[in-house]
Amino acid sequence: MNPKVDWFFAKETKWQEAYEELRSMVLATGLQEELKWGCPCYTRGSNNIVLIHGFKDYCALLFMQGALLKDPKKRLIQQTKNVQAQRQLRFAGVEEIKKSRSVIAALLKEAIAIDKAGLKVKLKKTSEFEMPKEFRSLLNAMPDLKKAFYALTPGRQRGYLLYFSSAKQSKTREARVEKYLPFILKGKGLED
């Protein structure tokens, strides 16, 4: 147990008992406990293996290379279509966790074995992400914008592409692109 993470388990939430149950199961594997992204994250060396987190309707174990895990009963969930590697194992309460002990233990063991083998999900290249026509036309018309966009890190480029393309209406995509042009030209990402 890492004392820096204790506050997460001490705070009163409807998932407090479920979190404790998950914590004891994950710690039993020998993984190191750290605090990352405001949540307990369990690592092997410098590699993130699994994270405990909660939402309104469920708490979950998030397996960082979850797409590589065998899941014959289809219990692992891809949070959104854009999540490439991670998969969640969701729970509605502590009783469900207790009933799923063997499944959880098997997934944890497999996740550790995947890490030991050095396996990683092959991620899509930034160039494979959809580029909305509204943004593509501006890149072609504005050489400074094109240069600035391609000078951004791949993660920042993906962030913009996902944000721009997630709008259903062309008018909304245009408004988003227009709003973030100054940020791109300054070399800033969507969250900077």
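How much net charge surrounds SER24 when only the other residues with a Cβ under 15 Å from the Cβ of SER24 are counted, with Lys and Arg +1 and Asp and Glu -1? Spell out each step's value before the answer.
Numbers: positive: ARG23, LYS98, ARG101; negative: ASP6, GLU17, GLU20, GLU21, GLU33.
With Lys, Arg at +1 and Asp, Glu at -1, the neighbours total -2.
Expressed as a whole number of Å, what is the distance separating the alpha-carbon centroids of region 149-192 and region 25-45?
33 Å
Can you give me the angle between helix 101-116 and the longest principal axis of the chain, using Cα atoms only, in degrees from 0 to 90, rounded to the nearest 10?
Result, in degrees: 60.
What does the charge count around ALA106 come to, taking other residues whose C-beta lies under 12 Å from its C-beta (Lys +1, Arg +1, Asp -1, Glu -1)?
Values: positive: LYS70, LYS73, ARG75, ARG101, LYS109; negative: ASP71, GLU110.
With Lys, Arg at +1 and Asp, Glu at -1, the net is +3.
What accessible area, in Å² to the nearest ten, does a 1.4 Å probe give for THR126?
The value for THR126 is about 20 Å².
Expressed as an acute angle from 0 to 90° and rounded to the nearest 10, what is the orientation of the C-alpha long axis of helix 154-165 relative to the principal long axis of the chain?
With rounding to tens, the tilt is 80 degrees.
Working out 0.36 nm times the residue gap between ASP192 and ALA113, then minus their Cα-Cα distance, what length gain in nm do you get to one decimal? Let's see the in-between values first.
Values: separation 79, 0.36 × 79 = 28.44 nm, distance 3.59 nm.
Going from the current span to full extension adds 24.8 nm.
Could you give each residue of region 39-50 its phi-based ³J(HN,Hα) in whole Hz, using Karplus coefficients 6.51, -1.76, 1.60 with θ = phi - 60°, and x for Gly or Pro?
10, x, 10, 10, 10, 10, x, 9, 9, 6, 9, 8
By how many degrees, between 0 and 90 and to the nearest 10, does the Cα long axis of helix 16-27 differ from the longest principal axis of the chain?
80 degrees
List every residue whose amide H lies under 5 Å from the amide H of ILE49, counting only residues 5 or more places away in sequence or on a different chain, with H placed 1.01 Å from N in the peptide plane.
For ILE49, whose amide H was placed from the backbone, the distant partners under 5 Å are TYR42, THR43, ARG44.
Out of the total accessible area of the chain (probe 1.4 Å, heavy atoms of protein only), what percent is carbon and sulfur?
On the way: 5990 of 11420 Å².
With neighbouring chains kept in place, the figure for the chain is 52 percent.
For n ≥ 4 DSSP H runs only, could you compute -39500 (n - 2.57) per run for the chain, divide by its residues and tell me the 222 nm figure to the nearest 500? Please report the intermediate quantities before stating the final value.
Working: 8 runs with 85 residues, N = 192.
Rounded to the nearest 500, it is -13500 deg cm²/dmol.
Relative contact order for region 53-192 using alpha-carbon pairs under 8 Å, separation at least 6, rounded to a whole percent? The partial results should precede the final answer.
Working: 140 pairs, mean separation 26.6, N = 140.
Relative contact order, region 53-192: 19 percent.
Within 10 Å, Cβ to Cβ, of ILE77, how many net charges do the neighbouring residues add up to if Lys/Arg are +1 and Asp/Glu are -1?
Working: positive: LYS74, ARG75, ARG87, ARG90; negative: ASP71.
It works out to a net charge of +3.
Say a paramagnetic label sat at a point 7 Å from the Cα of ALA92, along Cα to Cβ; which residues of region 45-76 have their backbone N under 18 Å from it?
Taking a point 7 Å out along Cα→Cβ of ALA92, the residues of region 45-76 whose backbone N falls under 18 Å are 54-61, 74-76.
Given Cβ point charges of +1 (Lys, Arg) and -1 (Asp, Glu) and nothing else, what value in debye, to the nearest 20, does the dipole of the chain about its Cα centre take?
Values: 36 positive and 21 negative charges, 157 e Å.
Dipole size: approximately 760 debye.
The values are calculated or read from the model by the stated rules, or taken from the named source; none is laboratory data. Here the structure is a predicted model, which is why all the values come from computation and not from measurement. Here Cβ is always computed from backbone atoms with ideal geometry, including for glycine, and neighbour counts include all displayed protein chains. Accessible surface areas use protein heavy atoms only, side chains included; no ligands, DNA or RNA. Shrake-Rupley method; radii C 1.70, N 1.55, O 1.52, S 1.80 Å.
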